[in-house]
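Please read the structure below before turning to the comments.
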Amino acid sequence: MSKREICMIRKGGSLVPYGDVAWDAFDDVRTSKPVMVTVHQARNPDHHNKLWAIATKVADFDKDFLDAEDAIEWAKLHIPNMRRFRQRLDGTWIACTKSISFASMDQLAFGRFYDRCLYLWAEKIGTDPETLLEQAKDAA
């Protein structure tokens with residue numbers, strides 16, 4: 001059997017196909033042997049948009065940031081698993097940040113990234129994450 005993706009939803013302690021197309025694909029799994037399952041939770045676009053709205057407010061408040069993209073890049077550089085270092089041909093090192101695109105990061109990883117951004121931004125501007133969320137609520 002070749003690899004395939006089937007959209008599933010959790011019901012109690014089990015995963016079940018989500019929708020008619022998923023049920024049809026699931027019916028094609030004709031084995032009583034174990035199968036490997038990789039879980040990838042689809043991203044929530046509203047959660048993604050909320051991060052960008054908060055980043056915009058942070059950039060408006062803290063003039064160290066040019067814009068929301070700059071605030072997000074700054075946060076990525078301060079989160080160890082979001083950066084890696086590469087050596088240039090001249091021997092110097094440069095920090096590169098990872099993508100937060102929908103294809104690069106599932107909802108579980110994005111949720112952790114989002115929470116870490118809130119903490120870092122709040123610390124940078126001298127407040128707490130709850131106050132930052134409250135101040136940015138109208139923007140999200």
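Structure data summary
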{"item": "Mean Cα-pair separation over length for the chain, i.e. relative contact order, pairs under 8 Å, 6 or more apart, %", "result": "20"}
{"item": "Gap separating the Cα centres of region 77-106 and region 1-60, nearest whole Å", "result": "26"}
{"item": "Candidates 20, 90, 46: whichever shows maximal mean-square fluctuation once the chain is modelled as a Gaussian network with Cα springs under 10 Å", "result": "90"}
{"item": "Two-decimal Rg to Rh for region 2-43 - Kirkwood Rh, Cα set", "result": "0.94"}
{"item": "Size descriptor, Kirkwood hydrodynamic radius, that averages inverse alpha-carbon separations across the chain, Å", "result": "18.0"}
{"item": "Burial ordering of 131, 97, 31, fewest other beta-carbon atoms within 10 Å first", "result": "31, 131, 97"}
{"item": "Charge context of residue 30, other residues only, Cβ under 15 angstrom, K/R +1, D/E -1", "result": "-1"}
{"item": "Max mean-square fluctuation residue, GNM over the chain, Cα-Cα springs under 10 Å, options 25, 55, 68", "result": "25"}
{"item": "Lysine pairs meeting the criterion (Cα under 12 Å, 8 or more apart or interchain), as found in the chain", "result": "4"}
{"item": "Max mean-square fluctuation residue, GNM over the chain, Cα-Cα springs under 10 Å, options 35, 58, 16", "result": "35"}
{"item": "Dipole of the chain, positive end: most advanced residue of 45, 21, 79 [Cβ charges, Cα centre]", "result": "21"}
{"item": "Average Cα contact separation per residue, region 1-52, under 8 Å, 6 or more apart, as relative contact order %", "result": "20"}
{"item": "Loop-resident sites, region 48-129, for trypsin sites (Lys or Arg not before Pro), counting at most 11 other Cβ within 10 Å (DSSP)", "result": "63, 88"}
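No value in this document is a laboratory result; all are computed from the given coordinates. Being a predicted model, the structure only gives us computed values, none of them experimental. So basically every Cβ, Gly included, is an ideal-geometry build from the backbone, and we count neighbours across all protein chains shown.
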